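Trainee: Okay, here's the structure, questions in a sec.
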Amino acid sequence: LIRLGLESRIAARLDPKIFLPAVSQGVIGIECRTDDSRTRTILSVLDHSVTRIAMDAERAFAHRLGGSCQSPIAAYAQINGDRLTLEGLVAEPDGSRLLRDTLSGSVDDPGTLGRQLAERILAAGAGPLLERLRSA
């Protein structure tokens with residue numbers, strides 16, 4: 001909304017320190033045929049590079065965890081200059097247990113940063129939790 005100049009329409013702001021959003025929350029995706037270069041060129045003006053970097057980090061995090069729309073996984077990437085900070089979370093559905101961590105790195109490789117943070121969350125115990133939820 002801010003990028004669209006509609007900030008006045010924001011009724012409430014949810015602080016990521018308290019409420020971490022779903023992976024790539026708010027990102028709009030447009031599909032196009034790979035071999036349609038004309039349409040891809042037209043659509044390229046809609047590609048927001050900062051959003052893409054953040055999305056790539058968040059999606060790599062969720063992918064490494066085997067996340068789906070039903071998984072209690074959240075991630076939030078922020079870019080400051082050439083630094084990317086990714087915060088990730090895996091939780092019990094009732095909130096009784098939260099595994100949360102943050103990792104920073106270069107904006108040049110958001111996928112690696114996402115996978116590295118997922119590995120740290122897995123090492124903290126997210127694997128058994130997610131597996132139990134998948135089999136339930």
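Trainee: I'm checking my understanding of the structure. Among residues of segment 83-102 that are modelled with pLDDT of 95 or more and open to solvent by 30 Å² or more (accessible area, probe 1.4 Å), which one is nearest to Arg59 (Cα to Cα)?
Mentor: Across segment 83-102, the extreme among qualifying residues is Glu87.
Trainee: Just need a number here: residues in segment 75-118 that are over 15 Å from the mean Cα position of the chain (by Cα) and among the acidic types (Asp, Glu).
Mentor: Residues in segment 75-118 being over 15 Å from the mean Cα position of the chain (by Cα) and among the acidic types (Asp, Glu): 4 in total.
Trainee: Among the residues of segment 107-121, write down those that are part of a helix (DSSP H, G or I) and open to solvent by less than 80 Å² (accessible area, probe 1.4 Å).
Mentor: Initial filter on segment 107-121 (part of a helix (DSSP H, G or I)): 110-121.
Listed by number, the residues that qualify are Pro110, Gly111, Thr112, Leu113, Gly114, Leu117, Ala118, Ile121.
Trainee: Among the listed residues Ile10, Ile79, Ile28, which satisfies the condition of being β-branched (Val, Ile, Thr) and modelled with pLDDT under 90? If you could, list the steps in order and put the result at the bottom.
Mentor: Details: Ile10 fails: modelled with pLDDT under 90; Ile79 fails: modelled with pLDDT under 90.
Only one candidate passes the filter, namely Ile28.
Trainee: Would you check which residues across segment 80-112 are touching a Ser or Thr at 6+ places or on another chain (Cβ under 8 Å) and farther than 24 Å from Ala136 by Cβ and list them?
Mentor: Asp82, Arg83, Leu84, Thr85, Leu86, Glu87, Thr102, Leu103, Ser104, Gly105
Trainee: Can you tell me which residue among Ile30, Ile10, Ile42, Ile18 is open to solvent by 100 Å² or more (accessible area, probe 1.4 Å) and over 27 Å from Thr112 (Cβ atoms)?
Mentor: Numbers: Ile30 fails: over 27 Å from Thr112 (Cβ atoms); Ile10 fails: open to solvent by 100 Å² or more (accessible area, probe 1.4 Å); Ile42 fails: open to solvent by 100 Å² or more (accessible area, probe 1.4 Å).
Unique residue meeting the criteria: Ile18.
Trainee: Would you mind stating whether Ser71 is polar (S, T, N, Q), at pLDDT below 95, exposed (fewer than 15 other Cβ atoms within 10 Å of the Cβ) and over 8 Å from the mean Cα position of the chain (by Cα)?
Mentor: Numbers: polar (S, T, N, Q): yes; at pLDDT below 95: yes; exposed (fewer than 15 other Cβ atoms within 10 Å of the Cβ): no; over 8 Å from the mean Cα position of the chain (by Cα): yes.
In short, no.
The values are calculated or read from the model by the stated rules, or taken from the named source; none is laboratory data. Not measured: the values here are computed from a predicted model. Cβ: placed from backbone, ideal geometry, glycine included. Neighbour counts: every protein chain shown. Protein only, heavy atoms only, side chains kept; ligands, DNA and RNA dropped before computing areas. Shrake-Rupley method; radii C 1.70, N 1.55, O 1.52, S 1.80 Å.
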